[in-house]
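For reference, the structure is listed below as structure tokens.
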Amino acid sequence: MRKTGEGWDFFPRNSTLYKVTANGREVSQPVIFHQAIVRLKSRPRGFHLVTGEILAAIPEVAKVRVGILHLLLQHTSASLFLNENADPDVRRDFEHWSKQAVPDGAGYLVHRLEGPDDMPAHLKSSIFGTSQSIPIGEGRLLLGTWQGVYLGEHRDNGGSRTVVATLWGKE
């Protein structure tokens, strides 16, 4: 394993993870493993498309012919999920719904050590989720036509958020 910039390569580019037999000969199948820490910029409370910001931080995706990109948001008061990327009303509706479903300062919530928006943020993080595995084909994410990667910022002052991006696949 070696450090490369912001990430780690688990196998050198010319390594072979496995071999297959073709016509009685062994043929190497090079596999890329790369991991990077992506620091997303601070955003206000709400739902934000971050597909471009994540891809800009891991250009290695363009080298993968077939593979998977796994994303893990390392926070318990924000979320990372896939949804529509075209109409900004979708983002507003997510925020309106989540405020009504789990309101800040709700009397039934016990955990209040970090403010009235903390426990609702933990619940929203669990509802929306914090990780995604996205297939890659011919150097691009194989998202649906209208899909994008969302960051749900559930705190008033959440700050920057960190995503672990783990890429594996074949060149």
Residues 48, 70, 111, 154, sorted so that the one with the fewest Cβ neighbours within 10 Å comes first: 111, 70, 48, 154
Principal axis dimensions, largest first and in whole angstrom, of segment 73-171 by Cα: 53, 27, 20
Farthest positive-ward along segment 33-170 dipole, Cα basis, beta-carbon charges - from 115, 54, 146: 54
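Quick one: dipole size for segment 33-170, taken about the Cα centre, charges +1 on Lys/Arg Cβ and -1 on Asp/Glu Cβ, in debye to the nearest 20.
Working: 15 positive and 14 negative charges, 85 e Å.
Roughly 400 debye for segment 33-170.
Which ordering of 118, 89 is given by a fewest-first count of other beta-carbon atoms within 10 Å? Don't skip to the answer; put the middle values down first.
Values: 118 19, 89 10.
The fewest-first ordering by Cβ neighbours comes to 89, 118.
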Compactness of segment 120-171, expressed as Rg and Dmax over alpha-carbon positions, Å: 14.1, 43
Dipole of segment 33-170, positive end: most advanced residue of 69, 162, 127 [Cβ charges, Cα centre]: 69
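Would you mind calculating the relative contact order of segment 33-170 from Cα pairs under 8 angstrom and at least 6 residues apart, reporting the percent as a whole number?
On the way: 293 pairs, mean separation 72.8, N = 138.
Relative contact order of segment 33-170: 53 percent.
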Environment charge at residue 163 (Cβ cut-off 11 Å; Lys +1, Arg +1, Asp -1, Glu -1): +1
Footprinting exposure proxy for 45, 39 (fewest neighbouring C-beta atoms within 10 Å first): 39, 45
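Every read-out reported here was derived from the displayed coordinates using simple, explicitly stated rules and does not represent laboratory data. Not measured: the values here are computed from a predicted model. All Cβ positions, even for glycine, are placed from backbone atoms using ideal geometry, and neighbour counts span all protein chains on display.
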